[in-house]
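Engineer: One structure coming up, written as structure tokens, with questions to follow.
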Amino acid sequence: MSGFLDGIRCGDCECNVDWGERRNTIASIAAGVLFFTGWWIIIDAAVKYPDEVQFHHAYHTCGVIATVAFLMINAVSNGQVRGDSYSEGCLGQIGARVWLFIGFMLAFGSLIASMWILFGGFVVPGKEFVYPGIAIFFQNAFIFFGGLVFKFGRTEDLWQ
């Protein structure tokens, strides 16, 4: 009884697509779609609530910081962090790790700040509209996950 699922073949087709070659392409497209979706949501909220009282324009700071974090995280390759391909420069491997750490701190900070804006600015006061707060949170969540997909979804073996 322990091997009754051994005979079942799932996904048995003749297409034989090698996803290893297309891993970088798929990860890049997925990260781009997530990043685009995040900014599209916040643009929609800004257009729907243009008044400063309903949607304070300073709340856009979280999305800008998340975008800077996205760029910082992906500016450093995994080889530079491990020390495989980066030994020269100002700080070398330690500098790459500090840069990556600061990028992740900015990403997590913007995500936490967007949750604080959602609950502290829209949910707890009991406003009749919470969509701007939800839009801020989802913008930062999509940018954060897009950065993670772009950083860890790609492989660097093809670059060398």
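Throughout, read-outs are computed from the coordinates displayed, never taken from laboratory work. Keep in mind that what you see is a predicted model, and the values were worked out from it rather than measured. With ideal geometry, Cβ positions are generated from the backbone for all residues, glycine too; neighbour counts draw on all protein chains shown.
Engineer: I need LEU111, LEU148 ordered by Cβ neighbour count within 10 Å, fewest first.
Structural biologist: LEU148, LEU111
Engineer: Another question, if that's okay. Would you kindly calculate the mean projected area, averaged across all directions, of the convex hull enclosing the Cα atoms of region 26-154, in square nanometres?
Structural biologist: One quarter of the hull surface, i.e. the mean projection, equals 8.4 nm².
Engineer: Compute the FRET efficiency between THR61 and PHE119 as 1/(1 + (r/R0)^6), taking r as their Cβ-Cβ distance and R0 = 22 Å, and round to the nearest 0.05. Show your work: numbers first, answer last.
Structural biologist: Details: r = 17 Å, r/R0 = 0.78.
E(calc), rounded to 0.05, equals 0.80.
Engineer: Taking neighbour Cβ counts within 10 Å as the exposure measure, how do LYS127, LYS151 sort from fewest upward?
Structural biologist: Ascending number of Cβ neighbours within 10 Å: LYS127, LYS151.
Engineer: What ranking do ILE112, ILE73, ILE65 get, fewest neighbouring Cβ atoms within 10 angstrom at the top?
Structural biologist: Ranked by crowding around the Cβ, least crowded first: ILE112, ILE65, ILE73.
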